[in-house]
1. How about region 201-226: which of its residues are under 30 Å from Ala325 (Cβ atoms) and either out of contact with any helix residue (DSSP H, G or I) (no Cβ under 6 Å at 6 or more places or on another chain) or free of Cβ contacts under 8 Å to residues at least 24 places away in the same chain (or both)?
2. For region 289-299, check the following and say yes or no: at least one residue is in contact (Cβ under 8 Å) with a residue 40 or more places away in the chain and polar (S, T, N, Q).
3. So in region 140-173, with the set limited to residues that are touching a residue at least 40 places away in the same chain (Cβ under 8 Å) and small (Gly, Ala, Ser), which one is nearest to Lys293 (Cα to Cα)?
4. Since Gly66 meets every condition but one in (1) within 25 Å of Ala185 (Cα to Cα); (2) over 20 Å from the mean Cα position of the chain (by Cα); (3) at pLDDT below 95, which condition does it not meet?
5. Taking the criterion of being touching a helix residue (DSSP H, G or I) at 6+ places or on another chain (Cβ under 7 Å), small (Gly, Ala, Ser) and either assigned by TED's automatic domain parsing to the domain that holds Phe322 or surrounded by fewer than 17 Cβ atoms within 10 Å (Cβ to Cβ) (or both), would at least one residue in region 57-67 satisfy it?
6. Go through the residues of region 1-13 one by one and say whether even a single one is closer than 16 Å to Val310 by Cβ and in contact with a Leu (Cβ under 6 Å, 6 or more places away or on another chain).
7. Which residues, taken from region 110-135, are surrounded by 14 or more Cβ atoms within 10 Å (Cβ to Cβ) and among the small types (Gly, Ala, Ser)?
8. Can you tell which of Arg140, Arg152, Arg135 is assigned by TED's automatic domain parsing to the domain that holds Tyr193, over 26 Å from Tyr193 (Cβ atoms) and not in a strand (DSSP E or B)?
Amino acid sequence: MTETGPSWGVVALVDEPAALTAAFVAHHLVQGASEVHVCLDRPDAETQDLLAGVGDVRVWIAGQDGWADSWQNQRPLRHQGRQKYMATHAYQASRADWMLHCDADEFLHQVRPLRTDLAHSDPNKHWRRLLVHERVFLSRETPAHIFSGQFRSDWKDRGDAAFEIYGFGARYLNRGLTGHVAGKAITRTGHPYALGVHFPLRDYHVTVNDIPYAPSKSVFLMHFDGLTPLHYALKMLRREMTVVKGPQVAYGDYRRAQYSDMAAAAGDPNAVRDMHWLCQGLSHRQVRALSRKKLLHDDAPDIPGAVRQVFGDKVDLSPAAFDRALIRREPELIARARDRYGFDAEAVSSATG
């Protein structure tokens with residue numbers, strides 16, 4: 001990308017198979033990022049080797065400073081706390097004019113160039129809110145790659161309107177999405193801010209969203225809320241099995257329903273796939289309904305093409321390869337899910353399903 005305007009970087013805390021991290025890096029470099037900060041939640045030799053030598057990429061290991069600025073120098077128990085900690089360090093070290101903080105399954109989509117958007121930002125607004133478009137599947141067949149599909153945007157219809165389109169599946173949606181609707185922030189650098197999960201903070205120890213901002217109407221995030229049925233199922237089961245001390249994260253009823261219903265389905269591979277489809281698949285009728293409302297989009301950039309441009313043929317983006325890597329990466333999580341719910345990861349995997 002050759003547009004002029006303020007430079008921007010991106011940071012994410014990552015705990016995913018190397019293929020997803022590589023795609024995150026390649027996509028944002030091709031989209032024009034001057035910096036990509038990858039913060040590994042745990043050391044990962046495969047990812048580190050893959051990213052070695054890729055220009056404009058900085059790899060951090062979470063806690064590499066001994067959590068010097070954390071409470072009693074301890075690793076935050078919640079991943080949200082580790083996200084905030086590492087993103088703030090990357091933000092403070094950045095040479096870019098703006099820094100986007102998002103997850104490794106969220107990819108920037110520029111309808112109008114981001115640099116143009118930032119160049120026209122009110123100088124009194126220190127961050128821009130990027131809304132989310134969520135990937136959906138239009139077929140139950142295994143796709144060619146993990147980024148296949150179209151994208152739905154959020155909508156404000158409630159009750160009968162949502163039920164008319166989604167039926168029972170409406171219970172898993174908030175404004176038409178299974179994931180978050182809060183969006184993410186791209187923040188001006190050069191300020192003593194901390195980067196929270198969804199917005200910047202004036203100080204690391206506050207939680208109030210009081211920094212002036214403006215929403216972007218031409219730049220979005222594509223959210224892949226589960227790259228495969230197995231990936232989605234493990235994400236839901238991890239949340240359902242996670243217990244932490246102190247105040248709990250305020251997940252909405254729609255998200256908690258996904259966690260609990262996936263746990264109830266976990267012992268039956270077919271039920272797991274059905275649950276995934278109910279949350280993230282669209283029938284022909286649903287496609288027509290969302291299209292009429294202009295809520296379905298098929299204009300996403302070519303992520304596999306960006307991966308080939310940066311990594312050549314080193315990265316396999318097939319669902320089967322991704323699930324095999326996921327199973328190798330998550331033996332403890334899979335064992336807990338098997339022991340508690342009878343979950344069979346191999347049976348759900350795209351490599352065997």
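The values are calculated or read from the model by the stated rules, or taken from the named source; none is laboratory data. Since the model is a prediction, treat every value here as computed from it, not as a measurement. Cβ placement follows ideal geometry from the backbone for every residue including glycine, while neighbour counts extend to all protein chains displayed.
1. Passing the criteria: Phe220, Leu221, Met222, His223, Phe224, Asp225.
2. No: zero hits.
3. Among those residues, the one meeting the criterion is Ser153.
4. (1)
5. So in region 57-67, the residues touching a helix residue (DSSP H, G or I) at 6+ places or on another chain (Cβ under 7 Å) come out as 57, 59-60, 62, 66-67.
From the residues that got through so far, the ones that are small (Gly, Ala, Ser) too are 62, 66.
Keeping just the survivors that are either assigned by TED's automatic domain parsing to the domain that holds Phe322 or surrounded by fewer than 17 Cβ atoms within 10 Å (Cβ to Cβ) (or both) gives 66.
Yes, region 57-67 contains at least one residue that is touching a helix residue (DSSP H, G or I) at 6+ places or on another chain (Cβ under 7 Å), small (Gly, Ala, Ser) and either assigned by TED's automatic domain parsing to the domain that holds Phe322 or surrounded by fewer than 17 Cβ atoms within 10 Å (Cβ to Cβ) (or both).
6. yes
7. Within region 110-135, just Ser121 meets the criteria.
8. Details: Arg152 fails: not in a strand (DSSP E or B); Arg135 fails: not in a strand (DSSP E or B).
Result: Arg140 is the single residue among Arg140, Arg152, Arg135 that is assigned by TED's automatic domain parsing to the domain that holds Tyr193, over 26 Å from Tyr193 (Cβ atoms) and not in a strand (DSSP E or B).
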